[in-house]
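Taking it in order: structure first as structure tokens, then the write-up.
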Amino acid sequence: MQNNHRSVNVVCYIAGLAWFMGLAFEPFTLRTYMSENAMGSTMVEERFPAGERALSTGREFAAHKKKVGGMPVDWLVKTMQARGLEVFTQSFSRTLPFPDENKERYMVKGTNVYGILRAPRAPRTEALVLSAPCSLGDNNNQAVGLLITLAQYFRNQIYWAKDIIFLVNEHDLIGMQAWLEGYHHTNTTGMDWSPLQGRGGSIQAALSLELSSDVITSLDLVLEGLNGQLPNLDLVNLFYAFCQKIGVVCTIQGKLQKNDWDSLSGYSHAVQTMMLMVLKQASGRPWGDHGLFLRYHIEAATIKGINSLRPYKTDATTIGRLLEGMYRKLNNLLERLHQSYFFYLMPSLSHFVSIGYYMPAFGLLAVILLLRALDLWVQLATPPQTEDGVADIDQSSPGVLSVLTPLVISHATGVALYTLPIRFQEMAVEHFPVSETEAVVLTAITIYTAGLALPHNTHRLLSGEGTEQGWRVLKLVSVLYLAVLLGCTALINFSLGFILAITLVPVAAFITPHVPKVLSAFILVILSPACTLLFSVFFFQELQEMPISFQDGLLLYLSVISQGVLDHSLYGSLVYPLISLLVYPCWLLFWNILFWK
């Protein structure tokens, strides 16, 4: 095995990629099915008739929003109270660590308005949530109108066994974060918010609605939540079942399902859909207001109305009936959704890939690290021989500093990458003609690039202690470190772990001090976390069929970095600390091995 480990590594790597690409082939996937018995049938009669009234309410909401220049709190309170709900408000404020240039905000203040429809046939220990964000401009007015009209319709029904909370949140995810923290009496992000005066029962499920047109052509289901969390698959199955029943065109990742799976175009379409889900999940950011519910073990998704050039048309009445049917089924739940999958990938709404199918792809990549570690262990266990056949004791016993110093300096660089960009933004703005956001991003890039000087700093501290056995010990530690890191990441967020494995496993396999320096350094930089993010930005735009120029891609790349830092500060996304504190230092160890003297 020691002599053939290179060929075995190549075979495992190719097999891992081939396995992953084969997951989108329909015969290798599973058809979706309902696991929860309480939601096993769609035999409910949807009677919601008030689509035109919902659109009229939406136009009225838009007029009041334009009049007050923001969230029309007083109008919402009066309107919800007139519909028979218990109405409450919550004010909140948050100062961002640096301005969000994408949404042009820094000091955020707002108000959430929510109404509770109390369950007439139960002890009010459980609840469901229907939310609609109050967006800027003319966006999402129809969703708020439909939410209010559904509240009035639901109020006249007697079969509800759970409280239903109708929430209109301001400032999208920030408002939703404030409301969820207030509802659960937690404060994990340091936001200021007023305590909630009214509460329902324990929230079992939630849907967030986004509609910005009177007529839509399809409904898109958004699943990816904070840190790659996904809702229980039964919530997806429920949405798909009612779309099939009512005749609504439904999509995932904005792509219609194709039936010609056995053709090249059908397979390519499924791969694109699955890869979009992988990239979104790997980002770790919530892709809708539903994404913050998942951290509280509340199954949630966002339903987004799409108005495109497709010939199919769906009106507000049909969407209302779809939501009515879904909430009537969720109303039947006797316990939280738990019988179906929480870890899956979806090449289409009718097929899914379970964790038991996609984990072998990661396992084939991870086994390369274990084989490489075993090979290094065998080499270290065999002391090098001198010319007269005597073991060279000096070479077989590397100094502690030869391993400890690179580890300490690498992680110190990672700590600097994590802490200094935000702390030094004011100093950077004073000395350079940049904004606060640009200062944060450029400081992070500067620290990241400065880490390339690590080998010189390390060898200056080592003062000549580097040995042939020393780099093998360091690489053994680095390979095992990377194996544990990628394994733990893949268990929490498979997509992120797999993407990192694709780029970092080849680095761990081939890097030694004896390979050509210039070519290997170039490859190492290309496969670094920063370049992986850059390639992912361009690849994501291509998958969305929205290609951009290289200059626009660089600007988007810088924006993605700033959003990653903001998502960590505002919502607790773990991708930025994971990359800066663990993945980047681990990559620096391999960079150090390449330049070992």
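Only the coordinates and a few stated rules stand behind these numbers; no lab work does. Worth saying up front: this structure is predicted, and the values here are computed from it rather than measured. When we count neighbours, we look across all protein chains shown, and the Cβ atoms used for this are built from the backbone with ideal geometry, even at glycine.
Here are the numbers:
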{"read-out": "Unit Cα scatterers, Debye sum, region 203-269: log10 I(q)/I(0) for q = 0.16 Å⁻¹", "value": "-0.71"}
{"read-out": "If the convex hull is drawn through the Cα atoms of region 238-287, its volume per residue in Å³", "value": "92 Å³"}
{"read-out": "Projected label distance in nm at Cys531 and Ala63, using a 7 Å step from Cα toward the beta-carbon", "value": "5.9 nm"}
{"read-out": "Between 0 and 90°, nearest 10: helix 51-68 axis offset from the chain longest Cα axis", "value": "70 degrees"}
{"read-out": "Proportion of all alpha-carbon pairs of region 1-92 beyond 24 Å (%)", "value": "64 percent"}
{"read-out": "Distance in nm between pseudo-label sites at Ser354 and Asn156 (7 Å out along the Cβ direction from Cα)", "value": "4.4 nm"}
{"read-out": "Cysteines, the chain, no other Cys beta-carbon under 4.7 Å", "value": "Cys12, Cys134, Cys488, Cys531, Cys586"}
{"read-out": "Rg/Rg_globular for region 324-370, with Rg_globular taken as 2.2 N^0.38 Å and Rg from C-alpha atoms", "value": "1.75"}
{"read-out": "On Cα atoms only, tilt of 316-331 relative to the major axis of the chain in degrees", "value": "70 degrees"}
{"read-out": "Surface/4 of the Cα convex hull for region 486-547, nm²", "value": "5.1 nm²"}
{"read-out": "Pairs beyond 22 Å (Cα-Cα), from Lys66/Lys280; Lys66/Lys313; Lys162/Lys313; Lys255/Lys304; Lys162/Lys280; Lys245/Lys304", "value": "Lys66/Lys280; Lys66/Lys313; Lys162/Lys313; Lys162/Lys280"}
{"read-out": "Potential lengthening between Glu86 and Arg336 on full extension [0.36 nm per residue; Cα-Cα distance subtracted]", "value": "87.5 nm"}
{"read-out": "Amide N of region 198-241 lying under 15 Å from the label point, which is placed 7 angstrom from the Cα of Asn139 along Cα→Cβ", "value": "209-213"}
{"read-out": "Nearest-ten-degree value, helix 264-283 long axis tilted from longest Cα axis of the chain", "value": "80 degrees"}
{"read-out": "Cα-based shape type of region 43-138, given that a ≥ b ≥ c are square roots of the gyration tensor eigenvalues and the cut on a/c is 1.5", "value": "prolate"}
{"read-out": "Over region 110-237: Rg over Rh, Cα atoms, Kirkwood Rh", "value": "0.95"}
{"read-out": "Amide H within-cut-off set for Ile203, under 5 Å, with H built and near neighbours excluded", "value": "Ala127"}
{"read-out": "25 °C / 0.890 mPa s Stokes-Einstein diffusion coefficient of region 468-514, Kirkwood radius on C-alpha pairs, µm²/s", "value": "217 µm²/s"}
{"read-out": "Spin-label pair Phe522/Asp192, simplified geometry with 7 Å Cα→Cβ offset, distance in nm", "value": "5.5 nm"}
{"read-out": "Cα Rg, Dmax, region 505-579, angstrom units", "value": "15.5, 45"}
{"read-out": "Global form of region 263-325, assessed from the alpha-carbon gyration tensor, a/c cut-off 1.5", "value": "oblate"}
{"read-out": "Two-decimal Rg/Rh across the chain, once Rg and the Kirkwood Rh are taken from alpha-carbon atoms", "value": "1.03"}
{"read-out": "Extent along principal axes [Cα atoms of region 468-597; Å; largest to smallest]", "value": "49, 31, 22"}
{"read-out": "Region 300-327 residues near the modelled Arg121 label - backbone nitrogen below 15 Å, point 7 Å along Cα→Cβ", "value": "325, 327"}
{"read-out": "Share, in percent, of DSSP beta bridges within the chain that are antiparallel, nearest 5", "value": "55 percent"}
